[in-house]
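Structure first, then comments.
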Amino acid sequence: MHLIIHDMGPEYDEYFKGKADKIISANGKYAPCQGCFGCWTKHPAECFMKDTLYTVCRDVGRSDILTIITENCYGAYSPQVKNILDRSIGDSTPFSTYRGKQMHHTLRYGMGERIEVFAYGDFTDDEEKTFTEMVQRNAYNFGYREGRFTRLETKEDIL
Amino acid sequence: MKTLLINGSPKKKRSVSGFFLDMESLFIGGERKKETLRNKSDHERILTKLDDTDNVVFCLPLYVDGVPSHVLYFMKDMEAYCREKNIHVNIYVISNGGFIEGRQNAWLMQVFENFCKRSDNTWCGGIGIGGGVMLNVMRILLVVYAGILLLNIVINGVAEGNWLPVEAFQNFGQQAFMTLFFSCGVIFYELLMAGSIRKGKVFGVRFTRAMMPSFLFILVADIFFVITSIFQGGIFRGWLSKKE
(Lines give C-alpha, C1' and ligand atoms only; values in the text may rest on other atoms or scores of the structure.)
Protein backbone atom coordinates (compact mmCIF):
# COMPACT_ATOMS: atom_id res chain seq x y z
CA MET A 1 0.00 0.00 0.00
CA HIS A 2 1.20 3.52 -0.82
CA LEU A 3 0.09 6.29 1.55
CA ILE A 4 0.56 10.01 0.95
CA ILE A 5 0.29 12.54 3.78
CA HIS A 6 0.51 16.19 2.77
CA ASP A 7 -0.15 19.62 4.26
CA MET A 8 -0.30 21.53 0.96
CA GLY A 9 -3.97 22.32 1.27
CA PRO A 10 -7.22 20.69 0.07
CA GLU A 11 -6.78 22.22 -3.40
CA TYR A 12 -3.96 19.72 -4.01
CA ASP A 13 -6.00 16.61 -3.07
CA GLU A 14 -7.21 16.26 -6.65
CA TYR A 15 -3.63 16.26 -7.96
CA PHE A 16 -2.59 13.38 -5.67
CA LYS A 17 -5.67 11.30 -6.46
CA GLY A 18 -4.64 8.13 -8.27
CA LYS A 19 -0.99 8.51 -7.32
CA ALA A 20 -1.37 6.45 -4.12
CA ASP A 21 -3.80 4.02 -2.50
CA LYS A 22 -4.74 6.56 0.14
CA ILE A 23 -4.26 10.33 0.53
CA ILE A 24 -4.44 12.07 3.90
CA SER A 25 -4.71 15.84 3.87
CA ALA A 26 -3.08 17.23 7.03
CA ASN A 27 -5.49 20.08 7.70
CA GLY A 28 -5.01 20.28 11.48
CA LYS A 29 -8.71 19.64 12.17
CA TYR A 30 -8.02 16.87 14.67
CA ALA A 31 -6.84 16.56 18.24
CA PRO A 32 -3.22 16.10 19.28
CA CYS A 33 -2.10 12.82 20.87
CA GLN A 34 -2.84 12.69 24.59
CA GLY A 35 -0.07 10.19 25.39
CA CYS A 36 -2.47 7.75 27.09
CA PHE A 37 -1.07 4.57 25.41
CA GLY A 38 -4.68 3.40 24.98
CA CYS A 39 -3.89 2.50 21.34
CA TRP A 40 -1.52 -0.12 22.81
CA THR A 41 -3.09 -1.27 26.02
CA LYS A 42 -6.84 -0.61 25.92
CA HIS A 43 -8.07 -0.77 22.31
CA PRO A 44 -5.04 -1.67 20.15
CA ALA A 45 -4.67 0.20 16.83
CA GLU A 46 -7.54 2.57 17.69
CA CYS A 47 -7.49 6.00 19.30
CA PHE A 48 -10.00 6.90 22.01
CA MET A 49 -10.58 10.23 20.22
CA LYS A 50 -13.13 9.52 17.50
CA ASP A 51 -12.03 12.10 14.95
CA THR A 52 -10.61 11.62 11.43
CA LEU A 53 -7.39 10.12 12.86
CA TYR A 54 -9.30 7.47 14.85
CA THR A 55 -7.60 4.56 13.00
CA VAL A 56 -4.85 6.38 11.11
CA CYS A 57 -2.20 4.13 12.69
CA ARG A 58 -3.57 1.21 10.63
CA ASP A 59 -3.02 3.14 7.38
CA VAL A 60 0.52 4.08 8.39
CA GLY A 61 1.26 0.55 9.62
CA ARG A 62 0.01 -1.09 6.42
CA SER A 63 1.80 1.26 4.04
CA ASP A 64 4.83 -0.18 2.25
CA ILE A 65 5.65 3.27 0.96
CA LEU A 66 4.85 6.32 3.06
CA THR A 67 5.26 9.63 1.24
CA ILE A 68 5.09 12.81 3.31
CA ILE A 69 4.99 16.31 1.85
CA THR A 70 5.36 18.89 4.59
CA GLU A 71 6.32 22.45 5.29
CA ASN A 72 9.60 22.77 7.19
CA CYS A 73 9.19 23.70 10.85
CA TYR A 74 12.60 24.16 12.54
CA GLY A 75 13.98 21.08 10.77
CA ALA A 76 10.91 18.98 11.49
CA TYR A 77 7.43 18.28 10.13
CA SER A 78 4.76 20.95 10.24
CA PRO A 79 2.55 20.64 13.36
CA GLN A 80 -0.35 19.45 11.17
CA VAL A 81 1.71 16.54 9.78
CA LYS A 82 3.46 15.80 13.09
CA ASN A 83 0.04 15.51 14.71
CA ILE A 84 -0.79 12.63 12.34
CA LEU A 85 2.53 10.86 13.05
CA ASP A 86 2.04 11.32 16.82
CA ARG A 87 -1.40 9.69 16.52
CA SER A 88 0.10 6.75 14.54
CA ILE A 89 2.07 4.99 17.28
CA GLY A 90 -0.61 2.29 17.42
CA ASP A 91 1.07 0.86 14.30
CA SER A 92 3.47 -0.74 16.77
CA THR A 93 2.87 -2.86 19.86
CA PRO A 94 3.90 -1.85 23.37
CA PHE A 95 6.60 -4.54 23.32
CA SER A 96 10.17 -3.48 22.69
CA THR A 97 13.04 -4.74 20.59
CA TYR A 98 16.33 -3.51 19.14
CA ARG A 99 16.43 -1.87 15.70
CA GLY A 100 19.46 0.08 14.56
CA LYS A 101 21.17 -0.92 17.85
CA GLN A 102 18.58 1.02 19.87
CA MET A 103 15.36 0.24 21.67
CA HIS A 104 12.19 0.54 19.57
CA HIS A 105 8.71 -0.95 19.66
CA THR A 106 7.93 -4.15 17.77
CA LEU A 107 5.81 -3.61 14.67
CA ARG A 108 2.16 -4.60 14.57
CA TYR A 109 2.02 -4.72 10.76
CA GLY A 110 5.61 -5.65 9.86
CA MET A 111 8.34 -3.79 7.97
CA GLY A 112 7.62 -1.33 5.15
CA GLU A 113 9.76 -0.53 2.12
CA ARG A 114 10.49 3.18 2.56
CA ILE A 115 9.46 6.50 4.01
CA GLU A 116 10.01 9.38 1.64
CA VAL A 117 9.78 12.96 2.87
CA PHE A 118 9.60 16.08 0.71
CA ALA A 119 9.89 19.32 2.69
CA TYR A 120 9.25 22.81 1.34
CA GLY A 121 9.50 26.32 2.73
CA ASP A 122 12.29 28.44 4.15
CA PHE A 123 15.30 26.34 5.28
CA THR A 124 18.57 26.97 7.11
CA ASP A 125 21.47 24.55 6.61
CA ASP A 126 21.09 23.33 10.22
CA GLU A 127 17.40 22.65 9.66
CA GLU A 128 18.13 20.63 6.54
CA LYS A 129 20.69 18.55 8.47
CA THR A 130 18.24 18.00 11.35
CA PHE A 131 15.45 16.97 8.99
CA THR A 132 17.65 14.59 6.99
CA GLU A 133 18.71 12.79 10.19
CA MET A 134 15.18 12.86 11.60
CA VAL A 135 13.81 11.00 8.58
CA GLN A 136 16.38 8.23 9.12
CA ARG A 137 15.28 8.03 12.75
CA ASN A 138 11.63 7.84 11.70
CA ALA A 139 12.47 5.02 9.28
CA TYR A 140 13.85 2.96 12.19
CA ASN A 141 10.99 3.93 14.47
CA PHE A 142 8.14 3.22 12.05
CA GLY A 143 9.90 0.16 10.61
CA TYR A 144 10.82 1.19 7.06
CA ARG A 145 13.89 -0.29 5.40
CA GLU A 146 14.83 3.06 3.93
CA GLY A 147 14.32 6.74 4.71
CA ARG A 148 14.71 9.41 2.01
CA PHE A 149 14.64 13.16 2.45
CA THR A 150 14.32 15.76 -0.31
CA ARG A 151 14.30 19.52 0.16
CA LEU A 152 12.02 21.40 -2.20
CA GLU A 153 12.51 25.04 -3.09
CA THR A 154 8.76 25.57 -3.41
CA LYS A 155 5.87 23.24 -2.76
CA GLU A 156 4.93 23.33 -6.43
CA ASP A 157 8.20 21.44 -7.14
CA ILE A 158 6.42 18.25 -6.08
CA LEU A 159 3.90 18.59 -8.91
CA MET B 1 16.59 36.00 37.45
CA LYS B 2 12.99 35.13 36.63
CA THR B 3 12.23 31.70 35.22
CA LEU B 4 9.15 30.47 33.39
CA LEU B 5 8.73 26.69 33.54
CA ILE B 6 6.49 25.18 30.86
CA ASN B 7 5.13 21.67 31.24
CA GLY B 8 4.54 20.43 27.67
CA SER B 9 2.85 17.16 28.59
CA PRO B 10 -0.71 16.76 27.27
CA LYS B 11 -1.60 14.73 30.37
CA LYS B 12 -3.76 16.35 33.03
CA LYS B 13 -2.05 14.78 36.04
CA ARG B 14 0.88 12.62 37.16
CA SER B 15 2.86 13.30 33.99
CA VAL B 16 6.55 12.44 33.76
CA SER B 17 7.28 15.96 32.47
CA GLY B 18 5.46 17.49 35.44
CA PHE B 19 7.58 15.39 37.81
CA PHE B 20 10.90 16.38 36.20
CA LEU B 21 9.82 20.03 35.98
CA ASP B 22 8.82 20.13 39.67
CA MET B 23 12.25 18.73 40.55
CA GLU B 24 14.01 21.34 38.39
CA SER B 25 11.87 24.10 39.89
CA LEU B 26 12.94 23.00 43.37
CA PHE B 27 16.63 23.13 42.40
CA ILE B 28 16.43 26.51 40.63
CA GLY B 29 14.89 28.50 43.47
CA GLY B 30 14.31 32.24 43.03
CA GLU B 31 11.34 33.74 41.22
CA ARG B 32 9.55 31.06 39.18
CA LYS B 33 6.26 30.63 37.38
CA LYS B 34 4.89 27.29 36.24
CA GLU B 35 2.59 26.88 33.24
CA THR B 36 0.94 23.91 31.58
CA LEU B 37 0.84 23.74 27.80
CA ARG B 38 -1.80 21.25 26.65
CA ASN B 39 -3.54 22.94 23.72
CA LYS B 40 -3.96 26.17 21.78
CA SER B 41 -6.14 27.77 24.47
CA ASP B 42 -3.03 27.92 26.68
CA HIS B 43 -0.91 29.90 24.18
CA GLU B 44 -1.99 33.46 24.94
CA ARG B 45 -1.76 33.02 28.70
CA ILE B 46 1.77 31.59 28.50
CA LEU B 47 3.02 34.06 25.88
CA THR B 48 2.14 37.08 28.04
CA LYS B 49 4.35 35.60 30.79
CA LEU B 50 7.33 35.92 28.41
CA ASP B 51 7.20 39.74 28.78
CA ASP B 52 8.68 39.48 32.23
CA THR B 53 11.07 36.52 32.28
CA ASP B 54 14.77 35.82 31.73
CA ASN B 55 14.74 32.04 31.36
CA VAL B 56 12.27 29.59 29.88
CA VAL B 57 12.48 25.89 30.75
CA PHE B 58 10.46 23.54 28.55
CA CYS B 59 9.84 20.06 29.90
CA LEU B 60 8.14 17.75 27.41
CA PRO B 61 7.78 14.16 26.24
CA LEU B 62 9.52 12.82 23.14
CA TYR B 63 6.94 11.92 20.48
CA VAL B 64 8.09 10.02 17.37
CA ASP B 65 11.71 11.24 17.62
CA GLY B 66 10.66 14.86 17.93
CA VAL B 67 8.59 17.60 19.51
CA PRO B 68 4.87 16.78 20.10
CA SER B 69 2.62 18.58 17.62
CA HIS B 70 0.83 20.71 20.23
CA VAL B 71 4.22 22.10 21.35
CA LEU B 72 5.25 22.79 17.73
CA TYR B 73 2.10 24.92 17.34
CA PHE B 74 3.13 26.87 20.44
CA MET B 75 6.73 27.33 19.22
CA LYS B 76 5.46 28.93 16.01
CA ASP B 77 3.29 31.35 18.02
CA MET B 78 6.17 32.02 20.41
CA GLU B 79 8.51 32.85 17.52
CA ALA B 80 6.01 35.41 16.20
CA TYR B 81 5.41 36.85 19.69
CA CYS B 82 9.13 37.20 20.47
CA ARG B 83 9.75 38.97 17.17
CA GLU B 84 6.78 41.31 17.64
CA LYS B 85 7.70 42.24 21.22
CA ASN B 86 11.47 42.07 20.72
CA ILE B 87 11.81 39.47 23.47
CA HIS B 88 15.06 37.57 24.03
CA VAL B 89 15.15 34.82 26.65
CA ASN B 90 17.42 31.92 27.59
CA ILE B 91 15.85 28.60 26.61
CA TYR B 92 16.48 25.27 28.36
CA VAL B 93 14.80 21.94 27.58
CA ILE B 94 14.20 18.74 29.53
CA SER B 95 12.83 16.00 27.31
CA ASN B 96 11.96 12.47 28.29
CA GLY B 97 11.45 9.47 26.07
CA GLY B 98 9.97 6.06 26.81
CA PHE B 99 13.01 4.32 25.33
CA ILE B 100 15.98 3.72 27.59
CA GLU B 101 18.57 5.61 25.52
CA GLY B 102 18.62 9.30 26.44
CA ARG B 103 20.38 9.98 23.11
CA GLN B 104 17.13 9.32 21.27
CA ASN B 105 16.21 12.88 22.36
CA ALA B 106 19.07 14.38 20.30
CA TRP B 107 16.88 15.40 17.35
CA LEU B 108 14.30 17.06 19.58
CA MET B 109 17.16 19.13 21.01
CA GLN B 110 18.27 20.08 17.49
CA VAL B 111 14.75 21.25 16.67
CA PHE B 112 14.77 23.52 19.74
CA GLU B 113 18.20 24.84 18.79
CA ASN B 114 16.89 25.68 15.30
CA PHE B 115 13.84 27.32 16.89
CA CYS B 116 16.06 29.54 19.07
CA LYS B 117 18.00 30.73 16.01
CA ARG B 118 14.76 31.55 14.18
CA SER B 119 13.18 33.34 17.12
CA ASP B 120 16.40 35.13 18.17
CA ASN B 121 16.43 33.56 21.62
CA THR B 122 19.47 32.02 23.30
CA TRP B 123 19.78 28.25 23.10
CA CYS B 124 21.23 27.13 26.44
CA GLY B 125 20.88 23.37 26.00
CA GLY B 126 19.01 20.67 27.81
CA ILE B 127 18.78 17.18 29.24
CA GLY B 128 17.58 14.21 27.18
CA ILE B 129 16.26 11.51 29.50
CA GLY B 130 15.71 7.85 28.59
CA GLY B 131 13.24 5.64 30.46
CA GLY B 132 11.50 8.59 32.09
CA VAL B 133 8.18 6.74 32.43
CA MET B 134 9.79 4.14 34.66
CA LEU B 135 11.24 6.79 36.99
CA ASN B 136 7.81 8.40 37.24
CA VAL B 137 6.19 5.04 38.09
CA MET B 138 8.85 4.43 40.75
CA ARG B 139 8.25 7.77 42.46
CA ILE B 140 4.48 7.12 42.46
CA LEU B 141 5.15 3.66 43.95
CA LEU B 142 7.36 5.29 46.58
CA VAL B 143 4.34 7.26 47.80
CA VAL B 144 2.40 3.96 48.00
CA TYR B 145 5.27 2.40 49.98
CA ALA B 146 5.25 5.41 52.31
CA GLY B 147 1.55 4.75 52.92
CA ILE B 148 2.27 1.08 53.63
CA LEU B 149 5.02 2.13 56.07
CA LEU B 150 2.60 4.39 57.94
CA LEU B 151 0.02 1.61 58.06
CA ASN B 152 2.65 -0.78 59.44
CA ILE B 153 3.62 1.71 62.13
CA VAL B 154 0.00 2.15 63.23
CA ILE B 155 -0.83 -1.60 63.16
CA ASN B 156 2.35 -2.60 65.02
CA GLY B 157 1.94 0.27 67.47
CA VAL B 158 -1.68 -0.50 68.33
CA ALA B 159 -1.39 -4.31 68.31
CA GLU B 160 2.04 -4.81 69.87
CA GLY B 161 3.00 -1.43 71.28
CA ASN B 162 5.94 -1.30 68.86
CA TRP B 163 5.87 2.13 67.23
CA LEU B 164 9.23 1.59 65.51
CA PRO B 165 8.85 -1.53 63.30
CA VAL B 166 12.44 -1.90 62.03
CA GLU B 167 11.57 -4.31 59.21
CA ALA B 168 8.96 -1.94 57.75
CA PHE B 169 11.46 0.93 57.83
CA GLN B 170 14.09 -1.29 56.16
CA ASN B 171 11.67 -2.21 53.36
CA PHE B 172 10.79 1.42 52.75
CA GLY B 173 14.47 2.40 52.89
CA GLN B 174 15.29 -0.20 50.21
CA GLN B 175 12.57 1.15 47.91
CA ALA B 176 13.68 4.74 48.47
CA PHE B 177 17.31 3.80 47.77
CA MET B 178 16.37 1.99 44.54
CA THR B 179 14.30 4.96 43.34
CA LEU B 180 17.17 7.33 44.10
CA PHE B 181 19.70 5.03 42.44
CA PHE B 182 17.71 4.62 39.20
CA SER B 183 17.08 8.41 39.13
CA CYS B 184 20.58 9.56 40.11
CA GLY B 185 21.57 10.57 36.54
CA VAL B 186 18.48 12.76 36.19
CA ILE B 187 18.93 14.32 39.64
CA PHE B 188 22.62 15.05 38.94
CA TYR B 189 22.01 16.75 35.58
CA GLU B 190 18.95 18.65 36.82
CA LEU B 191 21.11 20.03 39.67
CA LEU B 192 23.81 21.04 37.18
CA MET B 193 21.28 22.66 34.86
CA ALA B 194 19.69 24.55 37.76
CA GLY B 195 23.12 26.06 38.49
CA SER B 196 23.41 27.22 34.86
CA ILE B 197 19.86 28.65 34.92
CA ARG B 198 20.57 30.62 38.10
CA LYS B 199 23.62 32.18 36.43
CA GLY B 200 21.92 32.55 33.04
CA LYS B 201 24.67 30.46 31.46
CA VAL B 202 24.78 27.93 28.65
CA PHE B 203 24.38 24.36 29.97
CA GLY B 204 24.96 22.36 26.79
CA VAL B 205 23.13 19.18 25.77
CA ARG B 206 23.48 16.17 28.08
CA PHE B 207 21.87 12.76 27.99
CA THR B 208 21.00 10.43 30.82
CA ARG B 209 18.67 7.51 31.55
CA ALA B 210 17.10 5.29 34.16
CA MET B 211 20.18 3.60 35.62
CA MET B 212 19.71 0.01 34.51
CA PRO B 213 20.92 -2.14 31.59
CA SER B 214 18.72 -1.81 28.49
CA PHE B 215 17.88 -5.56 28.25
CA LEU B 216 16.56 -5.44 31.82
CA PHE B 217 14.64 -2.23 31.11
CA ILE B 218 12.99 -3.85 28.07
CA LEU B 219 11.97 -6.84 30.20
CA VAL B 220 10.50 -4.59 32.91
CA ALA B 221 8.71 -2.43 30.29
CA ASP B 222 7.23 -5.52 28.60
CA ILE B 223 5.94 -6.90 31.92
CA PHE B 224 4.50 -3.46 32.77
CA PHE B 225 2.61 -3.27 29.46
CA VAL B 226 1.31 -6.86 29.72
CA ILE B 227 -0.10 -6.19 33.20
CA THR B 228 -1.57 -2.83 32.07
CA SER B 229 -3.10 -4.47 28.98
CA ILE B 230 -4.69 -7.22 31.08
CA PHE B 231 -6.29 -4.63 33.37
CA GLN B 232 -7.38 -2.35 30.51
CA GLY B 233 -8.55 -5.21 28.30
CA GLY B 234 -6.32 -4.52 25.30
CA ILE B 235 -4.73 -7.95 25.46
CA PHE B 236 -8.12 -9.49 24.66
CA ARG B 237 -9.40 -6.85 22.23
CA GLY B 238 -6.37 -6.48 20.01
CA TRP B 239 -3.68 -8.96 20.90
CA LEU B 240 -5.54 -12.23 21.02
CA SER B 241 -8.35 -11.27 18.63
CA LYS B 242 -8.16 -10.87 14.85
CA LYS B 243 -5.81 -8.05 13.81
CA GLU B 244 -7.56 -5.08 12.19
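The values are calculated or read from the model by the stated rules, or taken from the named source; none is laboratory data. Remember, predicted model here, so these are calculated numbers, not experimental data. Methodologically, a virtual Cβ is constructed for each residue, glycine included, from the backbone with ideal geometry; neighbour enumeration extends over all protein chains shown. Protein only, heavy atoms only, side chains kept; ligands, DNA and RNA dropped before computing areas. Shrake-Rupley method; radii C 1.70, N 1.55, O 1.52, S 1.80 Å.
Note on the protein assembly as shown: semi-axes of the ellipsoid equivalent to its C-alpha gyration tensor, largest first and rounded to whole Å, are 37, 28, 17.
List the residues of the stretch B:190-230 for which accessible area in the full set of protein chains is at least 50 Å² lower than for the chain on its own; 1.4 Å probe, protein heavy atoms only. Residues losing area: B:I218, B:D222, B:F225. Legend: residue pairs A:K19/A:K155; A:K50/B:K76; A:K155/B:K85; B:K34/B:K201; B:K11/B:K201; A:K42/A:K82, Cα-Cα distance threshold 19 Å; pairs beyond threshold, A:K50/B:K76; A:K155/B:K85; B:K34/B:K201; B:K11/B:K201; A:K42/A:K82.
Exposed loop sites here mean trypsin sites (Lys or Arg not before Pro) with a DSSP loop assignment and at most 12 other beta-carbon atoms within 10 Å; chain A contains its longest site-free run at A:102-159.
Here the accessible area of the stretch A:7-81 is 51 percent carbon and sulfur, with a 1.4 angstrom probe and all protein chains present. The B-A contact accounts for approximately 4400 Å² of buried accessible area, totalled over both chains at a 1.4 Å probe radius. Accessible surface calculations at 1.4 Å, restricted to protein heavy atoms, place the stretch B:2-235 at 45 Å² per residue.
Largest GNM mean-square fluctuation among A:A31, A:A119, A:A76, using chain A with Cα springs under 10 Å: A:A31. Comparing A:Y15, A:Y140, A:Y30 in a Gaussian network model of chain A (Cα springs below 10 Å), the most mobile by mean-square fluctuation is A:Y15. The orientation-averaged projected area of the convex hull spanned by the Cα atoms of chain A comes to 8.9 nm².
Against chain A, whose longest principal axis is taken from its Cα atoms, helix A:125-142 shows a tilt of about 30°.
Within the accessible surface of the stretch B:2-235, defined with a 1.4 Å probe on protein heavy atoms only, the carbon and sulfur portion equals 62 percent. Compared with the alpha-carbon gap, the fully stretched path from A:K22 to A:M49 is longer by 7.6 nm at 0.36 nm per residue. Restricting the stretch A:89-159 to GluC sites (Glu not before Pro) that sit in a DSSP loop and have at most 12 other Cβ atoms within 10 Å of their own Cβ leaves A:E153.
Scaling against 2.2 N^0.38 Å puts the C-alpha radius of gyration of chain B at 1.16. For the stretch A:2-158, the solvent-accessible area of protein heavy atoms averages 40 Å² per residue (probe radius 1.4 Å; ligands and nucleic acids excluded).
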